[in-house]
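Worksheet: one structure, shown below.
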Amino acid sequence: MRHVVSVLVQDKPGVLQRIAGLIARRGFNIESLAVGRTHQEGLSRISLVVTGDDRVLEQVEKQLNRLIEVIKVTDHSEPHVERELALVKVAVPGMEERLEIKDIAEAFRARIVDVARKSIIFELTGDSSKVHNFIEAMRPYGLLEVMRTGAVALSRGEQVLKVREKKPAV
Amino acid sequence: MNGAAAILKALEKQGVNIIFGHPGGTIMPTYDALYDSPIRHILVRHEQGGVHAATAYARASGKVGVVMATSGPGALNLVTGLQDALMDSTAVVAITGNVPQALIGTDAFQEADVCGITQPVTKHNFQIRDVRDIPRVIAEAFYIASTGRPGPVLVDVPKDVQLAPFSGSFDVEIDLPGYKPTFKGHPRQIERALEALAKAKKPVLMVGGGAQHASAEVIEFAEKSGIPVIPTLMGLGAFPGTHRQFLGMPGMHGSVAANWAIHNADTILAIGLRFDDRVTGKVSRFAPNAHTIIHVDIDPAEIGKLVSTAIPVVGDAKWVAAELAKGARKLSIAEWWQQVDEWRTKHPFGWNSKPYLQSQEVIHAFWEATGGKAIVTSGVGQHQMFTAQFFKFDKPRSWINSGGLGTMGVGLPFAIGAALARPGETVIDFDGDGSFQMTLQELATVKKYNLPVKIVILNNGFLGMVRQWQDLFHARRYSEVYLADSNPDFAKLAEAYGIKGLTLSDRGKLAETVKEVLEHEGPVLLDCRVHHEEGVFPMIPSGGAAEDMIIENPREAVEAGD
């Protein structure tokens with residue numbers, strides 16, 4: 001089963017390496033990883049898409065939590081918004097195909113961000129399956145380059161990932 | 001004051017009075033500062049010896065062990081020892097020098113990506129890039145190493161940071177928003193555990209290395225409830241080996257009683273252990289009759305990792321065991337005890353008397369002669385298993401071996417660390433001829449500080465455990481395990497270092513030799529020429545279960561029939 005996991009981390013050198021290393025070391029299957037700064041200084045947020053059963057997911061969460069710089073981990077099993085951005089460069093052999101390609105892109109609400117004589121770059125946002133479907137729809141025309149960010153996610157409503165109040169440990 | 005002096009001052013603030021280490025180019029400023037520091041430095045002959053000694057120091061004392069090394073090769077020589085400390089949950093802080101920051105990433109002389117390389121073998125690591133961070137980072141390193149599930153922490157300090165002027169305060173606040181180990185177990189879970197135990201007809205208590213600091217509480221709980229107790233290899237000593245409720249260790253070379261008790265148990269209370277594959281064998285066949293496993297561990301990631309747990313209790317073993325002891329009632333399990341006793345009586349650890357010297361009798365003789373009052377270390381292999389089987393550990397922190405990583409060569413440096421942690425106590429290293437040769441350069445450290453360790457080499461001229469597996473599972477094809485043709489004369493080797501060396505091959509002289517070893521005031525090495533094809537039994541083959549246990553040496557049965 002596919003899970004989107006969000007991880008709030010301290011923005012310290014090597015933190016991404018720690019997370020990537022842990023995932024590889026423990027043999028977890030990871031589909032994508034996206035990382036970026038948050039609105040709070042010193043905090044970054046990572047989205048992981050992991051496949052595996054509940055036991056695997058539980059271990060992913062627990063092992064991530066063992067990392068000192070990981071502040072909070074959550075599996076988005078509750079209602080959430082998930083988006084991915086993709087840049088897709090499609091080959092355009094001739095005028096006829098150009099129109100077809102544009103029609104398909106419109107159906108997916110993909111934006112044209114670059115037009116050349118024999119290629120178009122589309123920008124597309126949506127959940128991962130939408131991105132996947134768009135890429136497959138363009139495949140017959142010739143995919144020149146594809147760049148996907150990997151899924152990012154936020155829980156719906158008031159639920160947020162945040163630093164817990166300090167409490168004395170041990 | 002410079003950064004180097006600040007490092008030592010910060011270590012002093014943490015109560016450090018001993019550092020194991022080896023100097024080199026990039027750590028020289030700190031060695032220079034050591035000249036003026038009250039901290040005692042123990043010069044080892046290889047950084048691996050240093051980290052193992054620091055590990056044993058931590059395990060024997062309950063404090064944090066500290067090791068220091070230079071950049072590149074020095075730091076990389078720590079890797080095995082760090083992983084060893086990680087797998088056996090030991091609080092170690094390693095301080096390493098690194099090339100000046102301006103040279104980092106340029107393939108400078110003796111440069112290595114030490115933080116990158118040690119990331120998977122430490123609980124955490126730091127590189128200090130600003131001299132002002134030294135007091136806080138050292139404090140955080142000790143806090144992380146010693147709290148929660150203990151583990152090794154490495155602090156890498158580029159040379160320019162050691163040399164930079166420092167004028168800050170040592171009163172620092174640690175800032176670790178992502179690190180909050182759970183100390184107190186949930187009261188409701190403890191209640192549920194006690195309820196489950198009260199209903200159990202065939203309960204056992206398993207105790208691991210995570211309970212070494214909880215010995216008194218574990219004993220109190222065990223005695224109040226009357227439950228059979230099975231300490232793991234790492235848990236030996238946390239519950240007395242001579243106690244009536246002690247069944248021996250479980251697992252691959254565990255006792256028949258322990259393995260069958262686990263196999264037949266309906267309820268298992270496991271405190272401070274992680275169900276290593278050497279304990280469980282094939283997990284799907286482990287404890288098939290246990291409907292309730294209660295798992296107490298400070299690391300939530302260990303719970304449910306391998307074995308499904310009905311009642312998880314996340315918390316410190318000492319705290320939880322004390323709570324369990326408070327609520328413990330005498331269990332009515334007379335029938336169960338009858339069964340367990342039958343196994344125990346029928347299949348004790350033992351050996352068949354032979355005309356030649358055997359490892360088992362050597363260990364037994366030392367146990368008898370010391371009355372069990374010793375700190376014992378070992379390398380890894382047959383001699384380690386024999387020691388675990390035949391030396392009855394009555395006190396916690398008295399058995400220091402490499403359980404998780406199985407690091408050959410730890411015996412001697414472990415003995416050094418233990419001797420420095422607890423001066424005045426008898427320290428015995430039961431070593432193998434193979435294991436010993438992996439770190440024998442530390443004889444020089446023994447000599448330098450005149451540490452009165454008793455090194456007992458159970459010399460069978462083979463890599464005995466590998467040979468045993470080849471015997472049982474590889475049609476006796478002894479591929480690359482023969483050492484006797486090229487082993488040194490170990491007694492002479494010791495003498496070359498200025499250490500008393502003895503050789504024993506006549507079993508008639510065992511008692512007097514043991515006495516001579518123990519009565520000698522300084523360090524001694526005793527080379528015991530034991531039978532070369534002895535096997536460790538019982539044995540559950542790798543990936544097997546209790547039902548697959550080989551109780552007696554099949555080779556002996558064959559030989560007797562010849």
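The values are calculated or read from the model by the stated rules, or taken from the named source; none is laboratory data. Please read all numbers here as calculations on a predicted model, not as lab measurements. Please note: Cβ atoms are built from the backbone with ideal geometry, for glycine as well, and neighbour counts cover all protein chains shown. Note: areas computed on protein heavy atoms with side chains; ligands, DNA, RNA excluded. Shrake-Rupley method; radii C 1.70, N 1.55, O 1.52, S 1.80 Å.
Here are a few things to note about the model shown:
- Net +/- balance of residues flanking B:Leu412 in space, Cβ distance below 13 Å, scoring K and R +1, D and E -1: -1
- Over chain A, DSSP H runs of length four or greater, each weighted -39,500 (n - 2.57), average out per residue to a 222 nm ellipticity of -9000 deg cm²/dmol.
- Residues listed by number, segment B:218-233, amide nitrogen under 20 Å from B:Ala310 label point at 7 Å toward C-beta: B:222, B:225-230
- Length-normalised contact order of segment B:187-346 in % [C-alpha pairs under 8 Å, at least 6 apart]: 29
- Rounded to whole Hz, the Karplus (6.51, -1.76, 1.60) HN-Hα couplings of segment A:128-145, x for glycine and proline: 4, 6, 5, 4, 4, 5, 4, 4, 5, 5, 8, 3, x, 7, x, 8, 8, 8
- Local net charge near B:Met539, Cβ-Cβ under 12 Å (Lys/Arg +1, Asp/Glu -1): -1
- Relative contact order %, segment B:307-466, counting alpha carbon pairs below 8 Å whose residues are six or more apart: 20
- Backbone amide hydrogens, once placed in the peptide plane, bring B:Lys500 within less than 5 Å of B:Leu525, excluding anything fewer than 5 places away on its chain.
- Eligible lysines near B:Lys180 by straight Cα distance, threshold 21 Å, same-chain separation 8 or greater: A:Lys12, A:Lys62, A:Lys72, A:Lys162, A:Lys166, A:Lys167, B:Lys63, B:Lys123, B:Lys305, B:Lys318
- For segment B:284-291, 3J(HN,Hα) per residue [Karplus equation, 6.51 cos²θ - 1.76 cosθ + 1.60, θ = phi - 60°, Hz, x = Gly/Pro]: 5, 10, 7, 6, x, 9, 7, 7
- Three-way shape label, the protein assembly as shown, alpha-carbon gyration tensor, a/c 1.5: prolate
- Three-way shape label, segment B:3-163, alpha-carbon gyration tensor, a/c 1.5: rounded
- On a per residue basis, the protein assembly as shown carries 42 Å² of accessible surface, using protein heavy atoms and a 1.4 Å probe.
- If the chain linking A:Ser32 and A:Thr125 were pulled fully straight, counting 0.36 nm for each residue of separation and taking away their Cα-Cα distance, it would gain 31.9 nm.
- Take every pair of alpha-carbon atoms less than 8 Å apart whose residues are at least six positions apart; their mean separation over the length of chain B yields a relative contact order of 13 percent.
- Residues whose placed amide H lies under 5 Å from that of A:His80, excluding near-sequence neighbours: A:Arg156
- In a DSSP loop and with at most 16 other Cβ atoms within 10 Å, the chymotrypsin sites (Phe, Trp or Tyr not before Pro) in segment B:464-562 are B:Tyr478.
- Averaged over B:120-127, number of beta-carbon atoms from partner chains that fall within 10 Å: 3
- Residues losing 10 Å² or more accessible surface upon assembly, segment B:179-203, compared with the chain by itself, 1.4 Å: B:Tyr179, B:Lys180, B:Pro181, B:Phe183
- Using just its DSSP H runs of length 4 or more, each adding -39500 (n - 2.57), chain B gives a mean residue ellipticity at 222 nm of -10500 deg cm²/dmol after division by all residues.
- Going from the chain on its own to the full set of protein chains, segment B:299-334 has these residues losing 50 Å² or more of accessible surface (heavy atoms, 1.4 Å probe, no ligands, DNA or RNA): B:Ala301, B:Lys305.
- Those lysines that a straight Cα-Cα span of less than 18 Å connects to B:Lys515, excepting residues fewer than 8 apart in one chain: B:Lys373, B:Lys454, B:Lys500
- For the pair A and B, the buried accessible area comes to roughly 2300 Å² in total, with a 1.4 Å probe and the value rounded to the nearest 100.
- Cut-off under 5 Å, modelled amide H: who pairs with B:Asn98 long-range: B:Val157, B:Lys159
- In this simple spin-label approximation, B:Lys184 and A:Leu99 carry label points 7 Å from Cα along the Cα→Cβ vector, and these lie 7.6 nm apart.
- From phi via Karplus (6.51, -1.76, 1.60), per-residue ³J(HN,Hα) for segment B:137-153 in Hz, x at Gly/Pro: 5, 4, 4, 5, 4, 5, 5, 5, 4, 9, 10, x, 7, x, x, x, 10
- Within the shell defined by Cβ-Cβ distances under 15 Å, the residues around B:Val256 carry a net charge of -3, with Lys and Arg each +1 and Asp and Glu each -1.
- Those aspartates and glutamates that a straight Cα-Cα span of less than 12 Å connects to B:Lys492, excepting residues fewer than 8 apart in one chain: B:Asp527
- Segment B:145-245: GluC sites (Glu not before Pro) in DSSP loop, at most 12 other beta carbons within 10 Å: B:Glu173
- Accessible area of segment B:3-163 belonging to carbon and sulfur atoms, whole % at 1.4 Å probe: 53
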